[in-house]
Structures are given as structure tokens and as C-alpha cells.
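Peer 1: The structure under discussion is supplied below as C-alpha cells; questions concerning it will follow.
The values are calculated or read from the model by the stated rules, or taken from the named source; none is laboratory data. If you're wondering where the values come from, they're calculated on a predicted model, not measured in any experiment. Please note: Cβ atoms are built from the backbone with ideal geometry, for glycine as well, and neighbour counts cover all protein chains shown.
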Amino acid sequence: MRGGVLAVTILLAACGGGTRYRPVSDTPVRVGPPYKVRGTTYVPAADPTYDMLGYASWYGSESGNQTANGERFRPKAVTAAHTTLPLPSYVEVTALETGRTILVRINDRGPFSGGGRIIDLSRGAAEQLGIRARGVAPVRVRVVTPPEKDRRKLRDGKEAAERPRVSEGVLAKLRAQLAAGR
């Protein structure tokens, strides 16, 4: 009888425990197998040369949900979702309208909507980049290897130091490339 009560207690504890979140960590890095969303197949891969122009959107109402790498989503943290980069990855995101550049930690999958979107920023990242009010903005996203000090800040949910702004001349070239579809 005692064994049955113990088994039921353990079973109920497991059911009532809710979601188990992975601690925020940079290890292990997960690439993951190919996956399909809305008829499109995505193939995750490490790409240290990733440097793309496109559009960023942001999300923030999913507070407390589990990210693709198992962490708890924190809307105020400076994180993002990407369809194929390893989890976690670090990227520089530059707003092509202002030249403002920030460091962002990717810990989720997305965006899965069209319109040239290449990254989905958390509310905190969108605010730091200055695009929250717009909703969608043209950006450049580049994979980087930041110093541990900046990675630690992002893992703790804080902003890393803002990166140097991009010059108007470089921004003009990037905007032209995006307009040309490159």
C-alpha cells in the first residue's frame, strides 16, 4: 500500500511541476535537426560568416513561455529568435535607419512570417535598438563572438554596451543593397 501511495505522490508531483526550464547558459550549443513550419523547411547550421540584410520584428507577449533552447522567455531581456543559427548564438543587429548597433543573444526559433524578416527581437532588444514603436524595421544581422563580459550581461537579462554606430556612408550602401534584394 505504501508503495502505491508513494508512486501516486511522485506521479502527481511530476504532473503538477509545470514546465522545466533550462538554466540560461552558453553550453551546450545546439544546432538541431532540420524542421518544417508552414510548409518551409529550415536547416539549422553554424555559420560564423552569417551577415544578412532584412527586417527585424519583435515579440513580447509570450512571457514565461519556453524558448526553443529550453530557457524561460524574458521579454525585457535582450534576446532574439532566428530560424537557423545555433542556440545560443550572438549577433550584432544594426538598425539601417539610425545606424544604432546592439549585441543580441539568440535563444529561440523564428520568425516564421514572411516579408523578408530575418530576426525576431525580444521587447527589450527592440527597445534598446530603438525600433519597438515601429514594429518592423530594416536591419543588418551579423554573427559575432563577443567578450565574456558582454555574454554574461546578456545571459543575466541585461543590455551589453551599445556598439559603435555605423557611418551614414555605410548605411546608405546597406540600404541600397537591401532595396536591390541582395
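Peer 1: Please go through the stretch 136-169 and pick out each residue that is free of Cβ contacts under 8 Å to residues at least 40 places away in the same chain and in a helix (DSSP H, G or I).
Peer 2: Residues satisfying the conditions are Glu148, Lys149, Arg152, Lys153, Gly169.
Peer 1: Follow-up. Can you tell me how many residues in the stretch 34-47 are farther than 15 Å from Leu87 by Cβ, touching a residue at least 12 places away in the same chain (Cβ under 8 Å) and in a loop (DSSP other than H, G, I, E, B)?
Peer 2: Result for the stretch 34-47: 1.
Peer 1: Restricting the stretch 56-89 to residues that are surrounded by fewer than 17 Cβ atoms within 10 Å (Cβ to Cβ) and farther than 20 Å from Arg151 by Cβ, which is modelled with the highest pLDDT?
Peer 2: Looking at the filtered set, the residue picked out is Gln66.
Peer 1: Looking only at the stretch 72-99, count every residue that is part of a loop (DSSP other than H, G, I, E, B), touching a helix residue (DSSP H, G or I) at 6+ places or on another chain (Cβ under 6 Å) and at negative phi and tell me the total.
Peer 2: Total meeting the criteria: 5.
Peer 1: Sticking with this one: Quick one: in the stretch 59-103, of everything that is of a type in the set (D, E, K, R) and out of contact with any Ser or Thr (no Cβ under 9 Å at 6 or more places or on another chain), which residue is farthest from Lys36 (Cα to Cα)?
Peer 2: The extreme case among them is Glu97.
Peer 1: Looking at the structure I just gave you, is Leu103 surrounded by 14 or more Cβ atoms within 10 Å (Cβ to Cβ), outside any loop (DSSP other than H, G, I, E, B), in contact (Cβ under 8 Å) with a residue 12 or more places away in the chain and not polar (S, T, N, Q)?
Peer 2: Yes: the conditions hold for Leu103.
Peer 1: Taking the stated definitions as given, is Arg140 within 24 Å of Thr84 (Cα to Cα), basic (Lys, Arg) and crowded, with 19+ Cβ neighbours inside 10 Å?
Peer 2: yes
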